[in-house]
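Please read the structure below before turning to the comments.
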Amino acid sequence: MIEPTTLDLKSIAAAIAIGVGAIGPGIGIGLLAAKAMEAIGRNPEAAGKIQAAMILAIAFTEAIAIYALIVALIIKFI
């Protein structure tokens, strides 16, 4: 039987870290955009305020995925 090397295990750990770390933000951004479009549909006059808040919230949500990427890179290369 072939023994896995440290590099193999680090690659698998990094893949799991970024994979799991991207699921939450992906779902969050999808829900955010859906609710923002629903709110704009109900109140078109407030589209500018809703869009600004949506973009800010998406940026914060995307930061979580970036943290997962950083953790994956640390696992892979350190």
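The values are calculated or read from the model by the stated rules, or taken from the named source; none is laboratory data. Computed from a prediction, not measured in an experiment: that's the story for all the values here. A quick note on method: Cβ atoms are made from the backbone with ideal geometry, for glycine too, and the neighbour counts reach across all protein chains shown.
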Conditions (1) touching a helix residue (DSSP H, G or I) at 6+ places or on another chain (Cβ under 8 Å); (2) modelled with pLDDT under 95; (3) of a type in the set (S, T, N, Q); number of the one not met by GLN51: (2)
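For the structure I just gave you, tell me whether LEU9 is at pLDDT 95 or above, out of contact with any strand residue (DSSP E or B) (no Cβ under 8 Å at 6 or more places or on another chain) and either among the charged types (D, E, K, R) or loosely packed, with under 14 Cβ neighbours inside 10 Å (or both).
Numbers: at pLDDT 95 or above: no; out of contact with any strand residue (DSSP E or B) (no Cβ under 8 Å at 6 or more places or on another chain): yes; either among the charged types (D, E, K, R) or loosely packed, with under 14 Cβ neighbours inside 10 Å (or both): yes.
Against the criterion (at pLDDT 95 or above, out of contact with any strand residue (DSSP E or B) (no Cβ under 8 Å at 6 or more places or on another chain) and either among the charged types (D, E, K, R) or loosely packed, with under 14 Cβ neighbours inside 10 Å (or both)), LEU9 does not qualify.
Looking only at the range 26-54, filter to residues that are hydrophobic (A, V, I, L, M, F, W, C) and in contact (Cβ under 8 Å) with a residue 24 or more places away in the chain; which one of those is farthest from ILE64 (Cα to Cα)? Break it down stepwise before answering.
Filtering the range 26-54 for residues hydrophobic (A, V, I, L, M, F, W, C) gives 27, 29, 31-34, 36-37, 39-40, 46-47, 50, 52-54.
Next, from what is left, pick out any that are in contact (Cβ under 8 Å) with a residue 24 or more places away in the chain: 29, 32-33.
On the way: ILE29: 11, LEU32: 15, ALA33: 17 Å.
Going through the qualifying residues, I end up with ALA33.
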